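All remarks here apply to the structure that follows.
The values are calculated or read from the model by the stated rules, or taken from the named source; none is laboratory data. Predicted model, so just to flag it, every value in this text is computed and none were measured. All Cβ positions, glycine included, derive from the backbone under ideal geometry; neighbour counts span all protein chains shown.
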Amino acid sequence: MQGTVVRVLWLVATFFAVAIGAAGSAQAGLVTIDFENDATGFYFNGYQSPSSADVVFSSTESRSTDPHDYISIDHFGQGSHGKGLAISSGNPGLGAGLIMDFLKPTDFLSLEFGNDDPDQSFTGLKQVVLTLFSGGLQVGQSIVAPNKNGIMDQNIAYSGQFFDRARFFFIDDFDFPALVNPIVDNVAYQNHTGPGGINNVPTPGGFLLFSIGLLAAYARRKRLVLR
Ligand SMILES: [Ca+2]
Ligand SMILES: [Ca+2]
């Protein structure tokens, strides 16, 4: 009888240990979109990479009927790592930014940027700005000073509040969107703290308490049997 109880307890404990381990490994992954599996070409707003169904890419401009004026996937030489994603405004007098909509809870975002060459913009290039929104309200912002060499050798990142939209801009010396097409690559995102986040799975401490509870239940059962 006691042997059966021990066997059942062992099976239950093993099940929980395996389940906790599987949950941790499934949710710990950082997703990176490198655009290497994407088909080169021009796309309208609402582009999704085959590497991820969680992110939707759009230009901040939406007036043109020509896909050349929105999003292009291509090899941009030193401006990207292999294939990257470039944004156009569709209007030679207006700069454009990139909008990324996230379909799952997200609290970390990092991306690399290229084509940061001020000679390509009549009005210079002062800042690279990443702004995060949740439900339409701004929840965070990161700002990086570009090294202005036209080479993809810098990144910008945000970690903190939950967001469902990120907006990425090159800003010129007059605080307007720069007249140079931002290129992004290696867009990486993760959920650290929310439901299903990597820091929100059952902890070893929790599992220890569970195990102690099992042992206590077993001891109580054993006392009852001995009476
Ligand atoms: Ca790439
Ligand atoms: Ca650079």
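Here are the numbers for the structure shown:
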quantity: Hits in the range 107-120 (condition: over 29 Å from GLY29 (Cβ atoms) and surrounded by fewer than 21 Cβ atoms within 10 Å (Cβ to Cβ)); calculated: ASP117, PRO118, ASP119, GLN120
quantity: Only one of ILE198, ILE171, ILE212 that is away from ligand 1 (no atom under 16 Å from the Cβ), under 30 Å from ILE33 (Cβ atoms) and modelled with pLDDT under 90; calculated: ILE198
quantity: Residue in the range 143-155 that is assigned to a strand (DSSP E or B), within 19 Å of ASN37 (Cα to Cα), within 16 Å of ligand 1 (Cβ to nearest atom) and among the polar types (S, T, N, Q) present; calculated: no
quantity: The range 39-80, residues that are over 18 Å from the mean Cα position of the chain (by Cα), in contact (Cβ under 8 Å) with a residue 60 or more places away in the chain and within 15 Å of ligand 1 (Cβ to nearest atom); calculated: PHE76, GLN78, GLY79, SER80
quantity: Selected residue [closer than 28 Å to ASN191 by Cα, of a type in the set (S, T, N, Q) and out of contact with any Leu (no Cβ under 8 Å at 6 or more places or on another chain)] from THR65, THR40, THR60, THR32; calculated: THR32
quantity: Out of LYS126, LYS104, sole residue that is basic (Lys, Arg) and either surrounded by fewer than 18 Cβ atoms within 10 Å (Cβ to Cβ) or not assigned by TED's automatic domain parsing to the domain that holds GLU36 (or both); calculated: LYS104
quantity: The range 164-177 residues that are closer than 22 Å to MET152 by Cβ, paired with ones that are surrounded by fewer than 13 Cβ atoms within 10 Å (Cβ to Cβ) (beta carbon under 9 Å, 6 or more apart); calculated: ILE171/ILE143; ASP172/PHE122
quantity: Single condition PHE108 does not satisfy, out of (1) away from ligand 2 (no atom under 13 Å from the Cβ); (2) in a loop (DSSP other than H, G, I, E, B); calculated: (2)
quantity: Check on LEU137, more than 24 Å from PRO92 (Cα to Cα), more than 16 Å from ligand 1 (Cβ to nearest atom) and under 18 Å from the mean Cα position of the chain (by Cα); calculated: no
quantity: Test: residue in the range 136-143 that is within 18 Å of GLY114 (Cβ to Cβ) and either within 11 Å of ligand 2 (Cβ to nearest atom) or modelled with pLDDT of 95 or more (or both); calculated: yes
quantity: Verdict on ASP185 being closer than 13 Å to LEU111 by Cβ, in a strand (DSSP E or B), assigned by TED's automatic domain parsing to the domain that holds SER49 and in contact with an Asp or Glu (Cβ under 7 Å, 6 or more places away or on another chain); calculated: yes
quantity: Selected residue (criterion: modelled with the highest pLDDT) from residues of the range 96-135 that are closer than 21 Å to PHE57 by Cβ and in contact with a helix residue (DSSP H, G or I) (Cβ under 8 Å, 6 or more places away or on another chain); calculated: GLY114
quantity: Boolean, PRO92 is surrounded by fewer than 17 Cβ atoms within 10 Å (Cβ to Cβ), at negative phi and part of a loop (DSSP other than H, G, I, E, B); calculated: yes
quantity: Verdict on ALA166 being touching a Phe, Trp or Tyr at 6+ places or on another chain (Cβ under 8 Å), part of a strand (DSSP E or B), among the small types (Gly, Ala, Ser) and within 15 Å of ligand 2 (Cβ to nearest atom); calculated: no
